[in-house]
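Notes for the one structure printed next.
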Amino acid sequence: MPTYSYDHIHLRSMDPIATAQYFNKMFDARIVESIQSDGQPRIDLDLNGLTIFIAKADGDTPAGPVDPHLGLDHFGLRVDNLAEAAADLKSKGAEFSTEPRDLRPGVKIAFVRAPGDVRIELLERS
């Protein structure tokens with residue numbers, strides 16, 4: 001049986017550089033410029049080993065679906081201390097679509113809305 005492992009997340013953005021700068025500012029992701037297989041420029045991010053590709057969307061690309069919707073809904077980032085992470089992100093201007101809260105015993109969550117309506121879950125597990 002084949003073995004599968006994580007490789008990357010691929011985002012489309014009207015302004016890839018601004019999106020990359022957001023991830024750099026909010027999450028300290030390292031920005032790496034790259035070239036796609038079709039020869040077009042792409043911005044890659046390294047977020048502590050999590051690879052994120054950001055490609056330029058065509059001007060006629062439709063906006064993302066309204067929440068909730070089928071398909072990819074969000075991706076999650078684990079943090080050691082959600083209260084501390086939320087305070088840090090808020091000081092940098094992050095928009096929270098769901099404020100930090102207890103989901104169940106031992107699990108706290110929050111959601112940040114990144115450029116392009118990308119939802120990022122922040123998750124603390126104890």
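The values are calculated or read from the model by the stated rules, or taken from the named source; none is laboratory data. Values in this document were obtained by computation on a predicted structure and should not be read as measured data. Heads up, the Cβs are rebuilt from the backbone with ideal geometry, glycines too, and the neighbour counts pull from every protein chain shown.
The condition (being over 24 Å from GLN21 (Cβ atoms) and not β-branched (Val, Ile, Thr)) is satisfied by just one residue among ASP67, ASP117: ASP67.
Checked against the criterion of being within 19 Å of HIS10 (Cα to Cα) and modelled with pLDDT under 95, the candidates ASP46, ASP28, ASP67, ASP38 yield just one match: ASP38.
When SER13, SER91, SER34, SER5 are checked against the criterion of being in contact (Cβ under 8 Å) with a residue 12 or more places away in the chain and either touching an Asp or Glu at 6+ places or on another chain (Cβ under 9 Å) or farther than 17 Å from PRO115 by Cβ (or both), a single residue qualifies: SER34. Does ILE17 satisfy the criteria of being farther than 17 Å from ILE120 by Cα, of a type in the set (Val, Ile, Thr) and not assigned by TED's automatic domain parsing to the domain that holds ALA114? Judged against the criteria, ILE17 is a match. State whether one or more residues within segment 63-75 are farther than 21 Å from PHE111 by Cβ, surrounded by 11 or more Cβ atoms within 10 Å (Cβ to Cβ) and touching a Lys or Arg at 6+ places or on another chain (Cβ under 9 Å). No, segment 63-75 contains no residue that is farther than 21 Å from PHE111 by Cβ, surrounded by 11 or more Cβ atoms within 10 Å (Cβ to Cβ) and touching a Lys or Arg at 6+ places or on another chain (Cβ under 9 Å). If we scan segment 54-61, do we find a residue that is outside any loop (DSSP other than H, G, I, E, B) and in contact (Cβ under 8 Å) with a residue 60 or more places away in the chain? No, segment 54-61 contains no residue that is outside any loop (DSSP other than H, G, I, E, B) and in contact (Cβ under 8 Å) with a residue 60 or more places away in the chain.
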